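K.L.:
My questions all concern the structure below.
The values are calculated or read from the model by the stated rules, or taken from the named source; none is laboratory data. Bear in mind that the values here come from a model prediction, so they are computed numbers and not experimental data. Note that each Cβ is placed from the backbone with ideal geometry, even for glycine, and that neighbours are counted across all protein chains shown.
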Amino acid sequence: MIKKLIRKILGTKSKAARDANTPVVLGPEAHGIDPRLLSNNAVRVTSTLQEAGYEAFVVGGAVRDLLLGVKPKDFDIATNATPEQVKRLFRRAFIIGKRFQIVHVMFGNDLLEVTTFRGTTSANAPKDEHGRVLRDNTFGSQAEDAERRDFTINAMYYNPANQQVLDYHGGIEDIRAKTLRIIGVPEARYREDPVRMLRVVRFAAKLKFSIEPETGAPIKVMAPLINNVPAARVFDEMLKLLMSGHALACLQQLRKEGLHHGLLPLLDVVLEQPLGFKFVTLALESTDARIHAGKTVSPGFLFASLLWHQVLEKWEAYRAAGEQTIPALHLAADDVLDSQTEKLALQRKIGSDMRDIWAMQPRFERRTGKAPAKLLEHQRFRAGYDFLLLRCASGEIDAEIGEWWTAFYESDEASREDLISSASQPSGGGSGAGGAAKRKRGPRRGGRNRSGRGGEGGGSDGGGDSASHDGGGD
Ligand code: ATP
Ligand code: MG
């Protein structure tokens, strides 16, 4: 009851505030932020700016996380100082960005992004034919800056000096009600920047917030606008989504909203095949678990997993058309990587990591002679092996192969020799639960392709680009 009353009071106040362009101000007892969750460097930046006579606040996702009692992973600062003025105050500060300049302030390895309040001039800003804002780089007041932000919960300002939160759009109320609400008219905001639709999905899944109906309603219809966004930006946002620690929930939500079509072509098809679905689900679960355990996740591994069943399908098609196993796999990889670059600008390094991981897979089936020891030396072995285990876990290939490799990987020299001599292939080794394992054995038994492309290193892409593995898996 009391909660309801507070919400009511705050609600009315915030509506009034919106009209007046003045924020609701909350003191420490009202917002309950634990100042220990703040980074010293964030306080250092705001106090330096304030001592020089400027306004400065922690803003955006960091305030949202502080209000949720979560330690923010990074801190963004908003100020009325211009980038030049900010730069002058810090020893290691760099102005970056063409579209809109921001300042990166560094303390050791810690990077803080300092942004000058942005103005709301989108009505006059240049746009593409679909209404997407192309350039928009005017400075403005704090109220304007708040209005330009995406969601009410991302548009609050915290001043560490007096511990006040400034809330222009009823964000505190939405945080308490666990609601994701876009600021302004949803259709207009998605048109200006379709990436906001992906952000809705990410925040809803990550924070377990519900999407306010008006915020959610236009997404299904407007989803195709994602196609007009530069691929590099879509990639950045997809990566954030996949690395959020809630990748599985995010992808499920993407499907629900019909947003997956434009993002990873054929992902919908993959998800509808039982084996593909299981594989992607396992891959995302393990990614989420790694993030929660504070481990790194390699984007190459992630995308290699998401697209593996497409590779399998094409690999099969090339072999059916008479290609030999290894070249067929490379052709399939080429096709899949090419088809992605249009919508999702996979960076070259990520593409080459993906190719390495895929190309290593048939090599796991050779368990005689020196082949296993050689494979173990591959710089991306760990990623390829983790990938193999996923294939086993999903039922695509026989679990016995994974178990053998685990034993081999963990053994000393002598036991490795025993393992090789006891390797049951080519006749044994299990029949493979899925068709893929059986299919793969067919051509290999003929003893061809051993010296084929991808027989070493697995990183060649036919373009003269020598393999550029450099770990990153663990
Ligand atoms: P995370 O914790 O995942 O970093 P975040 O909210 O900090 O979440 P960022 O991408 O770091 O997300 O953006 C920082 C802030 O910038 C947001 O909180 C929001 O206020 C604003 N912002 C970011 N992207 C957009 C956008 N596309 N449209 C409007 N505002 C945005
Ligand atoms: Mg952030």
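K.L.:
Going residue by residue through segment 180-195, is there one that turns out to be within 18 Å of Val70 (Cβ to Cβ), away from ligand 2 (no atom under 16 Å from the Cβ) and in a helix (DSSP H, G or I)? If you could, list the steps in order and put the result at the bottom.
P.N.:
Start the filter on segment 180-195 by keeping residues that are within 18 Å of Val70 (Cβ to Cβ), which leaves 180.
Next, from what is left, pick out any that are away from ligand 2 (no atom under 16 Å from the Cβ): none.
Checking segment 180-195: not a single residue is within 18 Å of Val70 (Cβ to Cβ), away from ligand 2 (no atom under 16 Å from the Cβ) and in a helix (DSSP H, G or I).
K.L.:
Report yes if some residue within segment 209-218 is within 18 Å of Gly61 (Cα to Cα) and within 12 Å of ligand 1 (Cβ to nearest atom); otherwise report no.
P.N.:
There is no residue in segment 209-218 that is within 18 Å of Gly61 (Cα to Cα) and within 12 Å of ligand 1 (Cβ to nearest atom).
K.L.:
How about segment 88-107: which of its residues are at pLDDT below 95 and assigned to a loop (DSSP other than H, G, I, E, B)?
P.N.:
Gly97, Lys98, Arg99, Phe100, Gln101
K.L.:
Could you list, in sequence order, the residues of segment 74-96 that are free of Cβ contacts under 8 Å to residues at least 24 places away in the same chain and either under 24 Å from the mean Cα position of the chain (by Cα) or within 16 Å of ligand 2 (Cβ to nearest atom) (or both)? Walk me through how you get there before you give the answer.
P.N.:
Quick first cut of segment 74-96, residues free of Cβ contacts under 8 Å to residues at least 24 places away in the same chain only: 84, 87-88, 91-96.
Answer for segment 74-96, where residues must be free of Cβ contacts under 8 Å to residues at least 24 places away in the same chain and either under 24 Å from the mean Cα position of the chain (by Cα) or within 16 Å of ligand 2 (Cβ to nearest atom) (or both): just Ile96.
K.L.:
Going through Arg196, Arg181 one at a time, which residue ends up being free of Cβ contacts under 8 Å to residues at least 60 places away in the same chain and within 23 Å of Leu239 (Cβ to Cβ)?
P.N.:
Arg196
K.L.:
To continue, here is another question. Please list, ordered by first then second residue, the pairs with beta carbon atoms under 6 Å, 6 or more apart or interchain, first in segment 360-387 and in the same structural domain as Trp308 (by TED's automatic domain parsing), second among the small types (Gly, Ala, Ser) and part of a loop (DSSP other than H, G, I, E, B).
P.N.:
Met360/Gly458; Arg367/Ala423; Arg382/Gly473; Ala383/Gly473
K.L.:
So, one more: Return the only residue of Ala223, Ala204 being of a type in the set (A, V, I, L, M, F, W, C), touching a Cys at 6+ places or on another chain (Cβ under 9 Å) and either within 13 Å of ligand 1 (Cβ to nearest atom) or in a helix (DSSP H, G or I) (or both).
P.N.:
Being of a type in the set (A, V, I, L, M, F, W, C), touching a Cys at 6+ places or on another chain (Cβ under 9 Å) and either within 13 Å of ligand 1 (Cβ to nearest atom) or in a helix (DSSP H, G or I) (or both) holds for just one of Ala223, Ala204, which is Ala204.
K.L.:
Please work out which residue is surrounded by the fewest Cβ atoms within 10 Å (Cβ to Cβ), limiting yourself to segment 367-423 and to residues that are closer than 27 Å to Leu306 by Cβ and polar (S, T, N, Q).
P.N.:
This residue is Thr406.
K.L.:
Turning to a different aspect of this structure: What are the residues in segment 108-140 that are basic (Lys, Arg) and either surrounded by 18 or more Cβ atoms within 10 Å (Cβ to Cβ) or assigned to a loop (DSSP other than H, G, I, E, B) (or both), if any? Full working, then the answer.
P.N.:
Step one: list which residues in segment 108-140 are basic (Lys, Arg), which gives 118, 127, 132, 135.
The answer is Arg118, Arg132, Arg135.
K.L.:
To continue, here is another question. Looking at Asp167, Asp110, which is the one that is within 16 Å of ligand 2 (Cβ to nearest atom) and either more than 20 Å from Val70 (Cβ to Cβ) or in contact (Cβ under 8 Å) with a residue 40 or more places away in the chain (or both)?
P.N.:
Asp110
K.L.:
Restricting to segment 97-106, name every residue that is away from ligand 1 (no atom under 15 Å from the Cβ) and either free of Cβ contacts under 8 Å to residues at least 12 places away in the same chain or not assigned by TED's automatic domain parsing to the domain that holds Asp34 (or both).
P.N.:
Of everything in segment 97-106, just one residue is away from ligand 1 (no atom under 15 Å from the Cβ) and either free of Cβ contacts under 8 Å to residues at least 12 places away in the same chain or not assigned by TED's automatic domain parsing to the domain that holds Asp34 (or both), namely Lys98.
K.L.:
Follow-up question, since we're still on this one. Let me confirm something: among Leu67, Leu38, Leu49, Leu26, which residue is at pLDDT 95 or above, within 15 Å of ligand 2 (Cβ to nearest atom) and more than 17 Å from Lys178 (Cα to Cα)?
P.N.:
Going through Leu67, Leu38, Leu49, Leu26 in turn, the sole match is Leu38.
K.L.:
In segment 20-67, which residues are away from ligand 1 (no atom under 16 Å from the Cβ), within 18 Å of Val105 (Cα to Cα), hydrophobic (A, V, I, L, M, F, W, C) and out of contact with any Ser or Thr (no Cβ under 6 Å at 6 or more places or on another chain)?
P.N.:
Val43, Ala52, listed by residue number.
K.L.:
Looking only at segment 207-216, filter to residues that are within 17 Å of Gln252 (Cα to Cα) and not in a loop (DSSP other than H, G, I, E, B); which one of those is nearest to ligand 2 (Cβ to nearest atom)?
P.N.:
For segment 207-216, the residue satisfying everything is Leu207.
K.L.:
Would you point out the residue of segment 69-96, among those that are within 15 Å of ligand 1 (Cβ to nearest atom) and exposed (fewer than 14 other Cβ atoms within 10 Å of the Cβ), that is farthest from Ala42 (Cα to Cα)? Walk me through it before giving the result.
P.N.:
Step one: filter segment 69-96 for residues within 15 Å of ligand 1 (Cβ to nearest atom), giving 69-79, 96.
Remaining after also requiring exposed (fewer than 14 other Cβ atoms within 10 Å of the Cβ): 69-71, 73, 96.
Values: Gly69: 17, Val70: 16, Lys71: 13, Lys73: 12, Ile96: 19 Å.
Going through the qualifying residues, I end up with Ile96.
K.L.:
Please state which of the following conditions Gly140 fails to meet, knowing it meets all the rest: (1) touching a strand residue (DSSP E or B) at 6+ places or on another chain (Cβ under 8 Å); (2) modelled with pLDDT under 95; (3) within 12 Å of ligand 1 (Cβ to nearest atom).
P.N.:
Every condition holds for Gly140 apart from (3).
K.L.:
Further question on the same structure: Which number in (1) more than 22 Å from Glu285 (Cβ to Cβ); (2) crowded, with 20+ Cβ neighbours inside 10 Å marks the one condition that Asp236 misses?
P.N.:
Result: Asp236 passes all but (2).
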